[in-house]
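Working notes, structure below.
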Amino acid sequence: MSRYLLRRILYLAPVWLGISFVAFALANLAPGDPASILLQSQFGRPPTAEELALKREELGLNAPFIARYATWLRDAVAGDFGTSYTTGEPVFQELANRFPNTLQLAVISLLIALTIALPLGVLSALKRDSLLDHLTRVNALLGAAMPSYWVAYLLILMFAVWLPLLPVAGRGTWQHLVLPSVTLALAATASLMRLTRAEMLEVLGQDYVQTARAKGLSARAVTLRHAFRNALITVVTVVGMLFGGLLGGTVIVETIFAWPGIGKFVVDSIFYRDYPVIQGFVLFMGTVFILVNLVVDLTYAWLDPRIQVVRP
Amino acid sequence: MPIRRSHVLSPVDRRQFLRLLGAGAATVASPSLARVASAPRRLAQGGGELIVGAPQDRTGSSSNGRYRGMYPPAWNVFETLVGLSHDFAVEPALAESWEFIAPNTWRFILRDDVVFHNGAPFTAEAVQWSMARIADEGGWGMYIGEDSTKIVDDHTVDITPTEENFILPLQLSQPGAGPILAPGTDNAVERIGTGPFREVEYVPDQQFVGEPFPEYWGAPPLLSRMTFRYMPDPTTRMLALQAGEVDLIFDVPREAAAQLGSGGLRLITSPVGSYEALYFNIHGAAPFELGQDPVIREAVSHAVDTGALIEGAWQGLMEPNHTMVPPVMLGEAGNSITGLSYDPAVAAQMLDAAGWTVGEDGIRQKDGRRLQLTMVVGYPSAEIHRPMPEFVQAQLLDIGIALEIVQIPDVGAYRDRLVRGEGDLWAENGGQGNASPCALAVELFTSSEESPEVNPYANAFAPGPEFDALLAECVASPEIEDVQAAAADAFRYLIDEQHIVLPLGGVIRLYGASERVLVFEPHPSQFHQRWDTTDVTAGA
């Protein structure tokens, strides 16, 4: 296992290198000159040639693409993602300041989703075509169909305006977490619930489950120890993808709830062509995705001992 | 000061609620709508804490920049040598007076009763230090160089621009152009100015809290505290106002404004401080060369009914304006600019006479060329112009001109397209940030020999030497009347004579306020908004 882990970590290097190049190229090839955007934002008017030249020099934009990439990559390897054009702060620091907020939202949302989706998915499968099953499936459909911004406004209206129980937006107390977390959790719950149900139905029809029943094991033991554990393999894969999506794709919810996370910051950076932030974010999130996938892969072996890590 | 205007709103019904939710589709950074209702409160005495729902936080990221005015630091934590009155006149601030000393020096006499929030006295040294920062960044178009600022005595400074600049005080009235900082401080890190409020808490992207500065040289603020909570989404700001979490919000979406009005909530509007206009690309290459034809430009100007646009599409939340600057800035000279009357029949006749005949599809043609124009919409965003492009499209169709609308998502991509010159009509929504009536004309329409990459505006819109000569008059005199006359000549040339610019309306700012807000006087330039004259009731 330790050799497998080491090998997977070594695999990160070329993937990480590829991500870094794509991140750099995407940011730098997008139309728009960051120097002129920054200056126009600063002055409220088009910059003069002198101002533009000065700013481009200051931002290091006059060097060739490959030279800039090489410099950036060298610094990134050393943990220096550069300095944000707009804030003047180190990119790593900017991301590190905001990432915990996004992580907090993503973890809580995922926990909510798992807490609701797994039991309901299992129950729905066990009581197939019952009223509970129909209700669960309809709710899952609704949850998946409702766009997150719509859910967000609906929740704010219901729980912050009509019933003033929770704050509209912002961050600071646990109450501020509730509405954005629930908003994000709804869609995740829907997809996890449907998946859990489908996987359970498939596993429950397998021969080994019938065998377990024939051996006289209790329904609880059959469901949890034999069926659910096997159904979880696919669910864990999707949970990993969902978690990555929650970490990198919460910009709409962060914007609506004024949540100071990483998503909104990066979208603003895209508008300003803040290359170092865009590059740093893509690289950072790429690394996070890789690590999440690694954890998912390792979880397979724990869930199903038949899955062995073998030497190629 | 009284609140300028109030609109009383009706309670929310189911249709409005659904519209509110539907507005989210346009979402997040785009205008949307909402309705309001908050529990009535009993009015009490003033002097309370004001909580403002403000858009995106730019306190740290652009602390030198123009956005400072929308946010607490500008004009509230920091001050400049001269201010900008509500009618866009330069007024004393940290400088009591100023005078022009030929050939190119401006002398500022400073107040002697001012201290910074850190207790340091405000002297000429602070001015020199702050101007040196501007010089380090290229002078910001004011020609302030490294050696431009000389200390005459503790309360007198001379500023000599590196090039002739008779309008320096007009330019310095922009908060982003000349903030005076405590020497040795960095306003991106700590904001130590001389203003009526001092910073007590700043959490990036979340909130800024200020309290009255007890040693402020002017009248003390009426508020006991002001808190800016950053809420990028306009619908969220509306909902926060409705829920009573904030007392006042910026930038109410136009489509939501008419619904403000119940539960003590009201709409407050500013005087005109910005403009909505179309510029013709007069130097475009095929297929974007049609703007070179003055007949087409004039026909388009006659074909757009700006009155209907303002009252219909913009629901009366703009004001007629024949120029790009607030009318008051041009004084009497502004009366010479009339704009073109809405007259589609005349427009059609002009095109007929020029050989543009209506084809079978209703679009005019000449020598096999369809009369189709491309409107590029994207400055400062595409959303801010809606629904103007579609309105203009329909009106041009009435005279046989097809209009393709190209929406650009952000300023960067917009500028990139402008560099390539790929468009006939360019829609822009801009603001007046200082006291110079010539500033916009100079910045956008002066000729330049530089490449489109460096100066795309000049390469698309600059009329040429004749217009440059008019602009030269703008900076030829330190007297404001002379500058106004020169600015009026320049705009008349652009609008009435050459039809390069088609002003569509004067933009007013929309604020939503709860009944706690007793006094709020919106500045027509959002960058110059002061909060020391604002008052709210004490208690929540």
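Return yes or no: is B:Asn118 surrounded by fewer than 16 Cβ atoms within 10 Å (Cβ to Cβ) and either within 28 Å of A:Leu38 (Cβ to Cβ) or in contact (Cβ under 8 Å) with a residue 60 or more places away in the chain (or both)?
yes
Of the conditions (1) modelled with pLDDT of 85 or more; (2) in a helix (DSSP H, G or I); (3) of a type outside the set (D, E, K, R); (4) farther than 30 Å from B:Pro380 by Cα, A:Leu224 fails just one. Which one is it?
(1)
List every residue pair whose Cβ atoms sit under 8 Å apart, with the two residues 6 or more apart in sequence or on different chains, where the first one lies in the range B:423-449 and is touching a residue at least 40 places away in the same chain (Cβ under 8 Å) and the second, anywhere, is among the acidic types (Asp, Glu) and open to solvent by less than 10 Å² (accessible area, probe 1.4 Å).
B:Ala427/B:Glu276; B:Glu428/B:Glu276; B:Asn429/B:Glu276
Does B:Ser97 satisfy being open to solvent by less than 30 Å² (accessible area, probe 1.4 Å), without any contact (Cβ under 8 Å) to a residue 24 or more places away in the chain and either out of contact with any Leu (no Cβ under 6 Å at 6 or more places or on another chain) or under 23 Å from B:Val200 (Cβ atoms) (or both)?
It is false that B:Ser97 is open to solvent by less than 30 Å² (accessible area, probe 1.4 Å), without any contact (Cβ under 8 Å) to a residue 24 or more places away in the chain and either out of contact with any Leu (no Cβ under 6 Å at 6 or more places or on another chain) or under 23 Å from B:Val200 (Cβ atoms) (or both).
Considering only the range B:133-148, how many residues are open to solvent by 10 Å² or more (accessible area, probe 1.4 Å) and of a type in the set (A, V, I, L, M, F, W, C)?
Matching residues across the range B:133-148 total 2.
Inside the range A:51-85, can you point out the residues that are within 14 Å of chain B (Cβ to nearest Cβ), assigned to a helix (DSSP H, G or I) and surrounded by 13 or more Cβ atoms within 10 Å (Cβ to Cβ)?
Narrowing the range A:51-85 to residues within 14 Å of chain B (Cβ to nearest Cβ): A:51-59, A:61-62, A:83-85.
If we keep only those that are assigned to a helix (DSSP H, G or I) too, we end up with A:51-59.
If the condition is that a residue be within 14 Å of chain B (Cβ to nearest Cβ), assigned to a helix (DSSP H, G or I) and surrounded by 13 or more Cβ atoms within 10 Å (Cβ to Cβ), then A:Glu51, A:Leu52, A:Ala53, A:Leu54, A:Lys55, A:Arg56, A:Glu58, A:Leu59 are the ones that fit.
Considering only the range A:18-33, state which residues are small (Gly, Ala, Ser), more than 12 Å from A:Tyr69 (Cβ to Cβ) and either open to solvent by less than 20 Å² (accessible area, probe 1.4 Å) or within 11 Å of chain B (Cβ to nearest Cβ) (or both).
Within the range A:18-33, the subset small (Gly, Ala, Ser) is A:18, A:20, A:23, A:25, A:27, A:30, A:32.
Applying the additional criterion that residues be more than 12 Å from A:Tyr69 (Cβ to Cβ) yields A:18, A:30, A:32.
Selection gives A:Ala30, A:Gly32.
So how many residues does the range A:129-152 have that are surrounded by 14 or more Cβ atoms within 10 Å (Cβ to Cβ) and away from chain B (no Cβ under 14 Å)?
Qualifying residue count, the range A:129-152: 8.
If only one of A:Phe243, A:Phe271, A:Phe281, A:Phe265 is within 14 Å of chain B (Cβ to nearest Cβ) and within 15 Å of A:Thr102 (Cα to Cα), which one is it? Spell out the reasoning first.
Details: A:Phe243 fails: within 14 Å of chain B (Cβ to nearest Cβ); A:Phe271 fails: within 15 Å of A:Thr102 (Cα to Cα); A:Phe281 fails: within 14 Å of chain B (Cβ to nearest Cβ).
Just a single option satisfies the conditions, and that option is A:Phe265.
Of B:Pro344, B:Pro294, which residue is within 16 Å of B:Ile500 (Cβ to Cβ), open to solvent by 10 Å² or more (accessible area, probe 1.4 Å) and not acidic (Asp, Glu)?
On the way: B:Pro344 fails: within 16 Å of B:Ile500 (Cβ to Cβ).
It is B:Pro294.
Just for strands (runs of 3 or more DSSP E) wholly inside the range B:434-540: which have at least 3 residues that are within 21 Å of the chain's Cα centre (by Cα) and at negative phi?
Values: elements: B:501-507, B:510-513, B:517-519.
Fully inside the range B:434-540 and qualifying: B:501-507, B:510-513.
Are any of the residues in the range B:441-460 at pLDDT 95 or above, surrounded by 23 or more Cβ atoms within 10 Å (Cβ to Cβ) and closer than 30 Å to B:Phe250 by Cα?
no
Just for strands (runs of 3 or more DSSP E) wholly inside the range B:90-160: which have at least 3 residues that are under 25 Å from the mean Cα position of the chain (by Cα)? Steps first, please.
On the way: elements: B:90-92, B:95-101, B:105-110, B:149-153, B:156-159.
Passing ranges, in order: B:90-92.
Could you list, in sequence order, the residues of the range A:125-155 that are among the β-branched types (Val, Ile, Thr), without any contact (Cβ under 8 Å) to a residue 40 or more places away in the chain and either in contact with a Leu (Cβ under 8 Å, 6 or more places away or on another chain) or not in a helix (DSSP H, G or I) (or both)? Break it down into steps so the answer makes sense when it comes.
Of the range A:125-155, the ones among the β-branched types (Val, Ile, Thr) are A:136, A:138, A:151.
If we keep only those that are without any contact (Cβ under 8 Å) to a residue 40 or more places away in the chain too, we end up with A:138, A:151.
Passing the criteria: only A:Val151.
Within the range A:273-288, is even one residue among the hydrophobic types (A, V, I, L, M, F, W, C), surrounded by fewer than 17 Cβ atoms within 10 Å (Cβ to Cβ) and within 20 Å of the chain's Cα centre (by Cα)? If you could, list the steps in order and put the result at the bottom.
Taking the range A:273-288 first, the residues among the hydrophobic types (A, V, I, L, M, F, W, C) are A:277-278, A:281-285, A:288.
From the residues that got through so far, the ones that are surrounded by fewer than 17 Cβ atoms within 10 Å (Cβ to Cβ) too are A:288.
Imposing the further condition that a residue be within 20 Å of the chain's Cα centre (by Cα) reduces the set to A:288.
Checking the range A:273-288: at least one residue is among the hydrophobic types (A, V, I, L, M, F, W, C), surrounded by fewer than 17 Cβ atoms within 10 Å (Cβ to Cβ) and within 20 Å of the chain's Cα centre (by Cα).
To keep it simple, each residue is scored yes or no on (1) within 14 Å of another protein chain (Cβ to nearest Cβ); (2) open to solvent by less than 10 Å² (accessible area, probe 1.4 Å).
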{"residue": "B:Arg386", "(1), (2)": "no, no"}
{"residue": "B:Gln395", "(1), (2)": "no, no"}
{"residue": "B:Ile399", "(1), (2)": "no, yes"}
{"residue": "B:Glu404", "(1), (2)": "no, no"}
{"residue": "B:Gln407", "(1), (2)": "no, no"}
{"residue": "B:Arg415", "(1), (2)": "yes, no"}
{"residue": "B:Arg420", "(1), (2)": "yes, no"}
{"residue": "B:Trp426", "(1), (2)": "yes, yes"}
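Are there any pairs with C-beta distances below 7 angstrom linking a residue in the range A:285-312 that is under 19 Å from A:Thr250 (Cα atoms) to a residue that is at pLDDT below 80 and among the charged types (D, E, K, R), with the two at least 6 apart or on different chains, and if so which?
none
From the list A:Pro100, A:Pro167, A:Pro180, which one is within 14 Å of chain B (Cβ to nearest Cβ), modelled with pLDDT of 95 or more and either more than 15 Å from A:Ile252 (Cα to Cα) or outside any helix (DSSP H, G or I) (or both)?
Numbers: A:Pro100 fails: modelled with pLDDT of 95 or more; A:Pro180 fails: either more than 15 Å from A:Ile252 (Cα to Cα) or outside any helix (DSSP H, G or I) (or both).
Being within 14 Å of chain B (Cβ to nearest Cβ), modelled with pLDDT of 95 or more and either more than 15 Å from A:Ile252 (Cα to Cα) or outside any helix (DSSP H, G or I) (or both) holds for just one of A:Pro100, A:Pro167, A:Pro180, which is A:Pro167.
Hey, can you tell me all the residues within the range B:365-384 that are farther than 23 Å from A:Ile37 by Cβ and open to solvent by 10 Å² or more (accessible area, probe 1.4 Å)? Explain how you work it out, then say what you get.
Residues of the range B:365-384 farther than 23 Å from A:Ile37 by Cβ: B:365-373.
Correct list: B:Gln365, B:Lys366, B:Asp367, B:Gly368, B:Arg369, B:Arg370, B:Gln372.
All but one of (1) away from every other protein chain (no Cβ under 14 Å); (2) closer than 30 Å to B:Ala286 by Cβ; (3) open to solvent by 20 Å² or more (accessible area, probe 1.4 Å) hold for B:Glu479; state the number of the condition that does not hold.
So the condition that B:Glu479 fails would be (2).
In the range B:156-176, which residue that is crowded, with 19+ Cβ neighbours inside 10 Å and either under 11 Å from B:Gln128 (Cα atoms) or of a type in the set (Ser, Thr, Tyr) (or both) is modelled with the lowest pLDDT?
Of everything passing the filter in the range B:156-176, B:Ser173 is modelled with the lowest pLDDT.
The values are calculated or read from the model by the stated rules, or taken from the named source; none is laboratory data. If you're wondering where the values come from, they're calculated on a predicted model, not measured in any experiment. Here the Cβ is made from the backbone with ideal geometry for all residues, glycine too, and neighbour counts use every protein chain on show. To get the accessible areas, we keep the full protein, side chains included, count just its heavy atoms, and leave off ligands, DNA and RNA. Shrake-Rupley method; radii C 1.70, N 1.55, O 1.52, S 1.80 Å.
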